[in-house]
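Since the structure comes first, as structure tokens, the remarks are kept for the end.
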Amino acid sequence: MTEEEKKTLVDAVNCKYPHQNLTEIYYNIGRALPFTAQRFPDGRVSDWYRNQYVEVVRVEPHGRGGKFGNVFGFYYRNGERADAYENDPEHSWCTKNDTEPQPIPCCGCGSWMLLDIIGEKTTESVKVLGLDDKIGFGKYKDMTLKEVIIKDWQYVKWAIIDSQHLYTDVDKVLEYHMENRPTLGPNDIMSFGKYKGKSIEEVYKTDRQYLIWLSQNNDSFNLDWEKFK
């Protein structure tokens, strides 16, 4: 796996954050070991998490679908091996002198983010969909991701961001959408919302503030304000 391929895979897997545990990450990256991961990297629970991570070196899956199990590894703080819970040695799950990997607490919980893939894949990793690749399921099966972005942006947002059914380079998807999203004028018809079925000109005349709010909070299209003037 090249560095570019690895970065693409890491970014795609992390689009599922915070809905993944260490075992799920292990499967998603093709059972590559070791890998490093961090819990709550965005500090949503506490800034205490920001400077620490784990190196996963062994996974023993079990449970329904093998999505849970025991995960073993080492603890790092500020980029170096360290004692977990340094101020509470009695409850420390790993010390900097441990030579054998230790059971990682909360390994089956969510909110883990993949940092780096150190080892090589031993099985196929998740399919990272490119813009020209075809979707393999659902109502847009056999259409390319580019085609679906243009046809139904709300579906793409659901499949990638909300439910994580697709793994892809989200930055490229957003860039392509912003470059190709339609620009609507007065004669175009609203396809959703409380004014569905009305022309945008009608909405402009009766509820201009709604259009202003929509243009600021909806990324499905642009409005050609010059045509309204």
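Applying the criterion of being buried (at least 16 other Cβ atoms within 10 Å of the Cβ) and within 16 Å of the chain's Cα centre (by Cα) to the residues of region 91-116, the residue that is farthest from Lys6 (Cα to Cα) is Ser111. Evaluate the following for Glu226: is it under 21 Å from the mean Cα position of the chain (by Cα) and either touching a residue at least 24 places away in the same chain (Cβ under 8 Å) or part of a helix (DSSP H, G or I) (or both)? Here the answer is no, as Glu226 does not meet what is asked. Does any residue of region 80-88 turn out to be within 23 Å of Cys15 (Cβ to Cβ), surrounded by fewer than 16 Cβ atoms within 10 Å (Cβ to Cβ) and aromatic (Phe, Trp, Tyr)? No: region 80-88 contains no residue that is within 23 Å of Cys15 (Cβ to Cβ), surrounded by fewer than 16 Cβ atoms within 10 Å (Cβ to Cβ) and aromatic (Phe, Trp, Tyr).
Using the structure shown, decide if Tyr195 is buried (at least 16 other Cβ atoms within 10 Å of the Cβ), in a loop (DSSP other than H, G, I, E, B) and not assigned by TED's automatic domain parsing to the domain that holds Lys16. Yes. Scan region 147-163 for residues that are surrounded by fewer than 17 Cβ atoms within 10 Å (Cβ to Cβ) and either on the phi > 0 side of the Ramachandran plot or free of Cβ contacts under 8 Å to residues at least 60 places away in the same chain (or both) and jot them down. Once the filter is applied, which keeps residues that are surrounded by fewer than 17 Cβ atoms within 10 Å (Cβ to Cβ) and either on the phi > 0 side of the Ramachandran plot or free of Cβ contacts under 8 Å to residues at least 60 places away in the same chain (or both), region 147-163 yields Glu147, Ile150, Lys151, Asp152, Tyr155, Trp158, Asp162, Ser163. Among the conditions (1) touching a residue at least 12 places away in the same chain (Cβ under 8 Å); (2) outside the structural domain of Thr168 (by TED's automatic domain parsing), Asp133 misses just one, which is (2). Strands (runs of 3 or more DSSP E) fully within region 4-120 that include at least 2 residues being modelled with pLDDT under 90: 52-62, 68-77. Taken together, the criteria exclude Asn28 from residues that are in contact with a Cys (Cβ under 7 Å, 6 or more places away or on another chain), surrounded by 16 or more Cβ atoms within 10 Å (Cβ to Cβ) and of a type in the set (S, T, N, Q). Apart from one condition, Gly138 fits all of (1) at pLDDT 90 or above; (2) over 18 Å from His19 (Cα atoms); the exception is (1).
Among the residues of region 137-146, is any among the hydrophobic types (A, V, I, L, M, F, W, C), touching a helix residue (DSSP H, G or I) at 6+ places or on another chain (Cβ under 6 Å) and buried (at least 16 other Cβ atoms within 10 Å of the Cβ)?
First, pick out the residues of region 137-146 that are among the hydrophobic types (A, V, I, L, M, F, W, C): 137, 143, 145.
Then keep just the ones that are touching a helix residue (DSSP H, G or I) at 6+ places or on another chain (Cβ under 6 Å); that gives none.
No, the conditions are met nowhere in region 137-146.
Residues in region 117-133 that are of a type outside the set (Gly, Ala, Ser) and surrounded by 14 or more Cβ atoms within 10 Å (Cβ to Cβ): Ile117, Ile118, Lys121, Val126, Val128, Leu129, Leu131, Asp133.
Would you confirm whether or not region 122-141 contains a residue that is in a loop (DSSP other than H, G, I, E, B), of a type outside the set (D, E, K, R) and under 24 Å from Thr183 (Cβ atoms)? Checking region 122-141: at least one residue is in a loop (DSSP other than H, G, I, E, B), of a type outside the set (D, E, K, R) and under 24 Å from Thr183 (Cβ atoms).
Return yes when His165 is in a helix (DSSP H, G or I) and either touching a helix residue (DSSP H, G or I) at 6+ places or on another chain (Cβ under 6 Å) or of a type in the set (Asp, Glu) (or both) and no when it is not. Answer is no for this residue. Looking only at region 73-122, residues that are hydroxyl-bearing (Ser, Thr, Tyr) and within 20 Å of Arg44 (Cβ to Cβ) come to 1 in all.
Conditions (1) of a type in the set (A, V, I, L, M, F, W, C); (2) under 26 Å from Ala32 (Cβ atoms), marked per residue:
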site	(1), (2)
Thr144	no, no
Thr168	no, yes
Gly185	no, no
Ile200	yes, no
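The values are calculated or read from the model by the stated rules, or taken from the named source; none is laboratory data. Please read these numbers as outputs of a predicted model, since none were measured by experiment. With ideal geometry, Cβ positions are generated from the backbone for all residues, glycine too; neighbour counts draw on all protein chains shown.
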